[in-house]
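As structure tokens, the structure follows; a few thoughts come after it.
The values are calculated or read from the model by the stated rules, or taken from the named source; none is laboratory data. Values in this document were obtained by computation on a predicted structure and should not be read as measured data. Glycine gets a Cβ as well: all are built from the backbone with ideal geometry, and neighbour counts include every protein chain shown. SASA here: full protein model, heavy atoms, side chains in, ligands and nucleic acids out. Shrake-Rupley method; radii C 1.70, N 1.55, O 1.52, S 1.80 Å.
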Amino acid sequence: MARPKTVRAPTTASLPNNLRIPSSTPSLTKSLGKLSRQALLDLAFIWLDDRNIASFPPYLQTDEKDGPDDDEALPYPAEETIEQVRQVYEDLQDRKGAKREVLERILEGDWRHGITLRQLAMADLRYMDDHPASLRWTALELSRIDTKRKVSKKLPPTDWSSSVPRMQGATFVQGLQREISPLVKAHYHLAHSATLPLTFLRIFVLDSPYQSPRQAADVFTDSSRVIYVAFPDSCPYVYTSIAASTGSKSAPSTSSVATDTRTLQRLVRDSIPKALSRPQERFSLQATSLAAKNLPTLLALRGPGRSTASNGAFSIFADAAIEGSPLDPRPSNTVSPEEHIRAGHSSLAEGKENTDGLSTKRRSSGVDTGPLSPDSKKRRLAIDSRFGTLGSSLAQAPLDRLDIRLLDKPGSSEQQDDDIDDSTSTPAVSLTFSGSDVIAGIRKLAELGIVNPERMPSWMTGEEGVSVATVRLGQRLQKGI
């Protein structure tokens, strides 16, 4: 009797958490090798916790997957009980040693039968907690779609609570899976950050929604197939990022949604508001013109904190140096902005001495605090009033990149430019500033007298908190990236 042919059918099920990657996979060693020694030990303790031991069981002598001859040939003999395995890692933590011995103990010893997709996802998120500037993130804003009446897009919502959908993790992942499953097969891992007030969603995708044929082991460690979504606590923003391709390379002849990072990112972005939406409660994602390689920067500029609307010149109010509002006609009993600025400079200058014991009282910009000329004093006051106070949150939210696109062509008039479509027009001039802190660099140019701070637009002083500015007729267009 002839054996019936196997029929493969697509399934909407996600990749299981317990799908194992062989421990001998070279790219797996590279992925886990990014972590520090302490991070590997912390993960091992989490996997060996009583609540997780069923999901991440280590290899024990009672397992019959390998024969006794194979077990003796391995560098790490299998332990008999879970307590013995825990004691091994406690001993490794108590003494100093190299990271390599912990990594080899995990891959060649206690988890020699393979690392699951969930374990790999936990390792990636641990690396992200330890290195918050490892990826480049884009900030998007969640906005409610009002089907009953039209609301001007230029007016922000007065109450953030009306724009923040109530998200239940399992329900959201199921909704996202329904949107993505017809095109790709994915693995989802949702976890709250251990260091930042946000929740990470790690999505790993395969080329096809079919369960088989089996994929090569290197595919599961290919970071170009991973997209991250971060949900800050209690604010209507979402951060998205595509991981850099450090894993296995796909064949040149292979073309898929998963290996096309732009298509993957657009697919997930379009699915997020649909997964968050409910009947009579629809949401959409709007660009915010902000992308940064630092999660604390996004939290400071597009997060739940008070400083998100108090950047640049308004940071003096976030520092609580001035009470009330700048539009309040009533007099304030606190210090004036000039006094606050001088006090901030003097406090930073006190106590700073060089190795020879000579006083090197300097301001935060590196300029000596000696007597200033009237022009220097005026320029310094203008700089502080435009870029903000020294203690503002902007100093803790560095932008690594600032892209400027000028749409105005030389010699063009306002009447000629009125008919141009801003969304499709090619910029006449494009400028890109990059560095560890672009706004601080522009401020330094102003302190040196190279640029005039009084004539600088607000998006160059950090007041608007954007990393992309499309300018037409001297005004920044309210459009994102």
Count, please, the residues in region 34-62 that happen to be in a helix (DSSP H, G or I) and open to solvent by 30 Å² or more (accessible area, probe 1.4 Å). 5
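Here's a check for you: in region 255-274, which residue that is in a loop (DSSP other than H, G, I, E, B) and open to solvent by 60 Å² or more (accessible area, probe 1.4 Å) is modelled with the highest pLDDT? Give the steps one after another, and end with the answer.
Of region 255-274, the ones in a loop (DSSP other than H, G, I, E, B) are 255-260.
Then drop every residue that is not open to solvent by 60 Å² or more (accessible area, probe 1.4 Å), which leaves 255, 260.
Numbers: Ser255: 43, Asp260: 67.
The extreme case among them is Asp260.
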Checking Ala78 against (1) open to solvent by less than 70 Å² (accessible area, probe 1.4 Å); (2) over 32 Å from the mean Cα position of the chain (by Cα); (3) at pLDDT 90 or above, which test does it fail? (3)
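At pLDDT 70 or above and either open to solvent by 40 Å² or more (accessible area, probe 1.4 Å) or outside any loop (DSSP other than H, G, I, E, B) (or both): does that describe Phe317? Break it down stepwise before answering.
On the way: at pLDDT 70 or above: no; either open to solvent by 40 Å² or more (accessible area, probe 1.4 Å) or outside any loop (DSSP other than H, G, I, E, B) (or both): yes.
Here the answer is no, as Phe317 does not meet what is asked.
Take Ser223 and decide whether it is among the polar types (S, T, N, Q), modelled with pLDDT of 90 or more and crowded, with 17+ Cβ neighbours inside 10 Å.
Values: among the polar types (S, T, N, Q): yes; modelled with pLDDT of 90 or more: no; crowded, with 17+ Cβ neighbours inside 10 Å: yes.
Against the criterion (among the polar types (S, T, N, Q), modelled with pLDDT of 90 or more and crowded, with 17+ Cβ neighbours inside 10 Å), Ser223 does not qualify.
Could you list, in sequence order, the residues of region 124-150 that are assigned to a helix (DSSP H, G or I) and over 14 Å from Tyr228 (Cα atoms)?
Here is the first cut: in region 124-150, the residues assigned to a helix (DSSP H, G or I) are 124-130.
Residue satisfying the conditions is Asp130 alone.
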Hey, can you tell me all the residues within region 18-33 that are open to solvent by less than 60 Å² (accessible area, probe 1.4 Å) and in a strand (DSSP E or B)? Ile21
Pairs returned, first residue in region 192-207 that is more than 21 Å from Arg225 (Cα to Cα), second residue that is part of a loop (DSSP other than H, G, I, E, B) and open to solvent by 10 Å² or more (accessible area, probe 1.4 Å), beta-carbon separation under 6 angstrom, 6 or more apart or interchain, are Pro197/Asp233
Mind listing just one residue for me: the one in region 130-155 that is charged (D, E, K, R) and either more than 21 Å from the chain's Cα centre (by Cα) or open to solvent by less than 30 Å² (accessible area, probe 1.4 Å) (or both) and, of those, modelled with the highest pLDDT? Arg144
Looking at region 156-173, can you tell me whether even one residue there is among the charged types (D, E, K, R), over 26 Å from Asn294 (Cα atoms) and modelled with pLDDT of 80 or more? no
Residues that are surrounded by fewer than 20 Cβ atoms within 10 Å (Cβ to Cβ) and modelled with pLDDT under 50, drawn from region 233-247: Thr246
For region 445-460, what are the residues that are more than 14 Å from Leu381 (Cα to Cα) and touching a residue at least 40 places away in the same chain (Cβ under 8 Å)? Met456, Ser458, Met460
Being surrounded by 17 or more Cβ atoms within 10 Å (Cβ to Cβ) and of a type in the set (D, E, K, R) is the filter; apply it to region 441-463 and report the residue that is farthest from the chain's Cα centre (by Cα). Glu447
